[in-house]
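Right, one structure below, let's go through it.
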Amino acid sequence: FTVVKNETKKSSIYFTDLRSFQFKDSLANASKEFLITVFSGQDPDTGSFTLDSLIAQGRGEVLKLKSKQLLYDMIQGDPNRMRKEIVNDDPFNLNDRIYGNNIVGDEDGFHGTHCSGIIAASRGKNIGMDGIADNVLILPVRAANSYQYGDERDKDVALAIRYAVDNGAKIISMSFGKNFSPQKNWVDEAVKYAEEKGVLLVLAAGNESANTDSIINYPNADFANGNGRAKNMIHVGASSSDTGFALPASFSNYGQKNVDVFAPGVDIYSDMPGNKYQLMSGTSMATPVVAGVAALIMEYYPGLSAIQVKDIILKSVTSLKGKKVYKPGTEEMVDFSTLCVSGGVVNAYKALQLAAHFNKNKKQD
C-alpha cells in the first residue's frame, strides 16, 4: 500500500485504486489479488470505506494474537511466571490473597457471561432469551485464567468461594473442573466455610463422558483423607433435548454417587459479550440451569436452608428410573437412574411445588 500511495499521491487507498493499480513486481501483484479476494464481500465501488482502515483493523487483530501467543508460551515455559508478572501473588501461599483485578468485560469472559445469562438474563424483554430467575443479582468472580491457559489453581478456587460467601452470595454456580487438586484441603476448608454460612454450591460434573465414581473430578464433595462429605454441593450432568436413547448428553460425566442431577446442557442459547447471543453446550451450561432453579426457590422461600434447597431439587426431578438410555460416550444401554443420585432431570415447576410444602411444614414446626 505504501507503493500505491507513493505512486497515486493519495493518503487513503480505496478498493478501486488497488484494483486498477499494476505493480511491477509479480509477487506484489499476487498479493494484490489475494487482498481483493479476501475483501471481496465488500462493494469495491461504494467508496464508503478504505482498505487502509481494514488493514489497520487486521493488524490490530494480529497484534492481539501475538500477545496471546507470547503469554501462552510464557506460561508453558514457566507456569508460575504469569503469577509473578501479571497476577503478582504467591500461588503457594493461601494468605497472600490481595491480587487480581476488577476487569470483567474482556473478550475471554464469554463463558461466565453465557452461564450468568442462563440464570438471570432479563425476562420478558422479547429479545435473545429469558433467564430462569428474576430478582437475581450476579456477583462475577473469575477463579480461572483464560480458558486456553490451563486449569484453575486450588488457591484461586478456595479464595473465590470465600470471596463470594463474604460478599453475600447465597448460591455459587461453578462451571469448571479438573482432575488434579494438589491443595485440595484449601478448597475443602472453603467449602466447609460456605456450608457454615448457608451457601449452596452448584458444580459442573465435567465433559469427559466419564464415570466420576471411579475417575475423580475436582472440586468434589468428598473431603480429603476421608474427613466426611460436603452436604451443600450439587454436581450437575448435562441432558439433551432428545427424549430417546440419547437423552444424556454424549459428553457428560455421570456417577450414581458423585453426580446428583441432570439438566439441559446441549445447544443452550444465552448471552455473550457485546450484546450478542450464542448456542453453547456443556455441563457448564447445565450447572447454571440448576443454580437458576435454586435461586427461584430461595426467592420465593428465603427461609429454606441451602441443604433443604438441595434436597428439594433432588427430590422433585422428572424421574427417569427405568428409562433405557445410552451411557454417555457409548452405545451401551443403561437405566438412566444409574447415571446420577436423583435418577432424573431437574424440574423447576415440581421443585417450587415441593419447596412450598417444605416451607409450610417448616412454619408449622
Review point. Gain in length, Phe23 to Asp311, computed as 0.36 nm per residue apart minus the alpha-carbon separation, to one decimal in nm?
Key: 96.3 nm
Practice item. Could you run the Debye sum over the Cα atoms of the stretch 320-365, one equal point scatterer each and no solvent, and tell me log10 of I(q)/I(0) at q = 0.14, 0.22, 0.29, 0.30 Å⁻¹, two decimals? Key: -0.50, -0.76, -0.96, -0.99
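Which whole-number percent is the relative contact order of the stretch 288-363 (Cα, under 8 Å, 6+ apart)?
It rounds to 34 percent for the stretch 288-363.
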Practice item. Take the alpha carbon atoms of the stretch 168-222, find their radius of gyration, then divide it by 2.2 N^0.38 Å using N residues; give the quotient. Key: 1.18
**Study point:** Net dipole in debye of the stretch 215-339 [+1 Lys, Arg Cβ; -1 Asp, Glu Cβ; about Cα centre; nearest 20]
**Key:** 280 debye
**Study point:** Cα Rg, Dmax, the stretch 228-327, angstrom units
**Key:** 14.7, 44
Check your understanding: Which peptide among 167-173, 154-160 comes first, and what is the full order, when sorted by highest mean count of other Cβ atoms within 10 Å?
Key -> 154-160, 167-173
Exercise for review: Keeping to pairs on different chains or 8 or more places apart, tell me how many lysine pairs in the stretch 234-365 have Cα atoms under 21 Å apart.
Suggested key: 22
**Study point:** Where only C-alpha atoms are counted, convex hull volume of the stretch 132-214 per residue in Å³
**Key:** 128 Å³
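Compute the Cα gyration tensor for the stretch 300-343, then decide on rounded, prolate or oblate, letting a ≥ b ≥ c be the square roots of its eigenvalues: rounded whenever a/c is under 1.5, prolate when a/b is larger than b/c in the other cases, and oblate in all that remain.
Taking the square roots of the gyration eigenvalues as a ≥ b ≥ c, the stretch 300-343 is prolate.
Coordinate-derived values only; no laboratory data. On a predicted model such as this, the values are computed, not experimentally measured, just so you know. Neighbour counts run over all protein chains shown; Cβ positions are idealised from the backbone, glycine included.
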